[in-house]
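Notes for the one structure printed next.
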Amino acid sequence: QVQLVESGGASVQAGGSVRLSCTASARTFDSWATAWFRQAPEQEREFVGAISCGGGSIYYADSVKGRFAISRDTTKSAVYLQMNNLSPEDTAVYYCAADVRCRLGSRRSNYDYWGQGTQVTVSS
């Protein structure tokens, strides 16, 4: 069973930065599309951004565009979410998800494997 593990969650002040990491137990992780989603209390889980299988395409939800950046380090089999200029509205549990078929979509149903999530709390 493939396991995704997120790390790096933190509590920060508004305007601060956090970097999340996502690693997987599968050797083929680097060849999968990987996305970040987040879920705030009593809210639906929403798409944040995704990176394609080869890493050549990355796209973001409008709400985070210009503040968040996704990257992949194939030497470490990791995908990162760098979050800058955070606001309280970014407070959520952040999840990474992997799509083995490389569809690179914003739909949760596209993704085959999910991590357990990591909490990011932004205070004003």
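At a 1.4 Å probe, what is the % contribution of carbon and sulfur to the accessible area of the chain?
44
Which whole-Hz ³J(HN,Hα) couplings does the stretch 114-124 yield from phi under the Karplus relation 6.51 cos²θ - 1.76 cosθ + 1.60, θ = phi - 60°, glycine and proline marked x?
9, x, 8, x, 9, 7, 10, 10, 10, 9, 8
Under the 0.36 nm per residue contour assumption, what length would be gained going from the current alpha-carbon distance of GLN1 and ARG27 to full extension?
Once the chain is fully extended between GLN1 and ARG27, it gains 8.1 nm.
Under a point spin-label approximation (7 Å from Cα along Cα-to-Cβ), what is the SER123-GLN13 distance to one decimal in nm?
Going from the SER123 label point to the GLN13 one covers 1.0 nm.
How long, wide and thick is the stretch 33-115, going by the Cα atoms along their three principal axes, in whole angstroms, largest first?
The principal-axis extents, from largest down, are 32, 25, 21 Å.
Report the label-to-label distance for GLU46 and ASP62 in nanometres (one decimal), using points 7 Å from each Cα along the Cα→Cβ vector.
The two pseudo-label positions are separated by 1.1 nm.
The values are calculated or read from the model by the stated rules, or taken from the named source; none is laboratory data. Bear in mind the structure is a predicted one, so any value in this text is a computation, not a measurement. Here the Cβ is made from the backbone with ideal geometry for all residues, glycine too, and neighbour counts use every protein chain on show. We work out accessible area using only protein heavy atoms, side chains counted, and drop any ligands, DNA or RNA first. Shrake-Rupley method; radii C 1.70, N 1.55, O 1.52, S 1.80 Å.
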